[in-house]
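Colleague: One structure is given below, represented as structure tokens, and several questions about it will come after.
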Amino acid sequence: MATTIQQRASALANKTHIKGRDAAGLVSMAEKDEKITRVEARAMDKVGRLKNDRFEKSGAEVHSSVDELRGSAEWSRELLDCKLDVKSSVPGLTVAFDKHVTVETGEYGNTYCRFLNLQMKGKTAGKDGSLAFEYGGFKVTVPVKKGMTAERIFNSVERRVLSQQNGAMTVRGGFDSARVLNPSVGFGVHRTAPMTPVERLQYDKRMLEADLIEMNMEGAPDALTRPILDEIRKLEARIAKLEQG
């Protein structure tokens, strides 16, 4: 009989010294199908929340795979704990979260989202009304008119959710054709609350750093890269000031 992730997590939690490859193996076990369920998130969290002295070190810090384990567990738990509250809708239009987190693999590491799904029975709205819902710390309201197409409603919701997700969001489905009787679309939510002032500055800093890396790869002269480097340093100072309170 195959070992379950709960059994594997319990075995690791009972070890006095957990190696980096063990932490990495638990993440791989949870993400093998590019989905993370609530059971898998809890299993990772059971090990990830252990104190640093329980894990293998790389220099003075815990092994990088431990950070990956904790990040996957924390992000997944936050998304799975996010509540959806539909305040109003129109007949035939439904909104629901996936019951799992989707793992999006990338060159620079995995990211995580939970799809917020809209489905409409039929091609157009049957009456006037509004679609209003809250998820986590965000609110979305879209006026709906009788005869409004599913595509227009979906696009209106997408614009609002996209702005809440900092302009970066995976969209699943949404294609319409004569053969699609009940159109649907999914929006990959990766944030459950607005950015704090520190997070906003950190985001701006990362964007500038990405620009700087690209410019350096292209051999841009100091006259072009120096202002960006100066701006990064200013942001670092502002971040440090806010973090100090």
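The values are calculated or read from the model by the stated rules, or taken from the named source; none is laboratory data. Everything numeric here is computed off the predicted structure, so don't read it as measured data. Neighbour counts run over all protein chains shown; Cβ positions are idealised from the backbone, glycine included.
Colleague: Condition first: closer than 12 Å to Ser89 by Cβ and part of a strand (DSSP E or B). Now tell me which residues in the range 119-140 satisfy that.
Modeller: Gln119, Met120, Gly129, Ser130, Leu131, Ala132, Phe133, Val140
Colleague: Among the aliphatic types (A, V, I, L, M), within 21 Å of Tyr203 (Cβ to Cβ) and out of contact with any Pro (no Cβ under 7 Å at 6 or more places or on another chain): is that true of Met148 in this structure?
Modeller: no
Colleague: Can you tell me which residue is nearest to Glu199 (Cα to Cα) among those in the range 141-167 that are part of a loop (DSSP other than H, G, I, E, B) and in contact with a strand residue (DSSP E or B) (Cβ under 7 Å, 6 or more places away or on another chain)?
Modeller: Among those that are part of a loop (DSSP other than H, G, I, E, B) and in contact with a strand residue (DSSP E or B) (Cβ under 7 Å, 6 or more places away or on another chain), it is Gln165.
Colleague: Being out of contact with any strand residue (DSSP E or B) (no Cβ under 8 Å at 6 or more places or on another chain) and in contact (Cβ under 8 Å) with a residue 40 or more places away in the chain is true for just one of Arg21, Arg42, Arg77. Which residue is that?
Modeller: Within the list Arg21, Arg42, Arg77, the selection yields Arg21.
Colleague: May I pose another question? (1) at pLDDT 95 or above; (2) among the acidic types (Asp, Glu); (3) farther than 30 Å from Lys121 by Cβ: which one isn't true of Glu218, the others all being true?
Modeller: All conditions are met except number (1).
Colleague: Can you list residue pairs whose Cβ atoms sit under 8 Å apart, with the first residue in the range 87-98 being within 19 Å of Gly122 (Cβ to Cβ) and in the same structural domain as Asn182 (by TED's automatic domain parsing) and the second being of a type in the set (A, V, I, L, M, F, W, C) and part of a loop (DSSP other than H, G, I, E, B)? Count only pairs 6 or more apart in sequence or on different chains.
Modeller: Val90/Ala125; Gly92/Ala125; Leu93/Ala125
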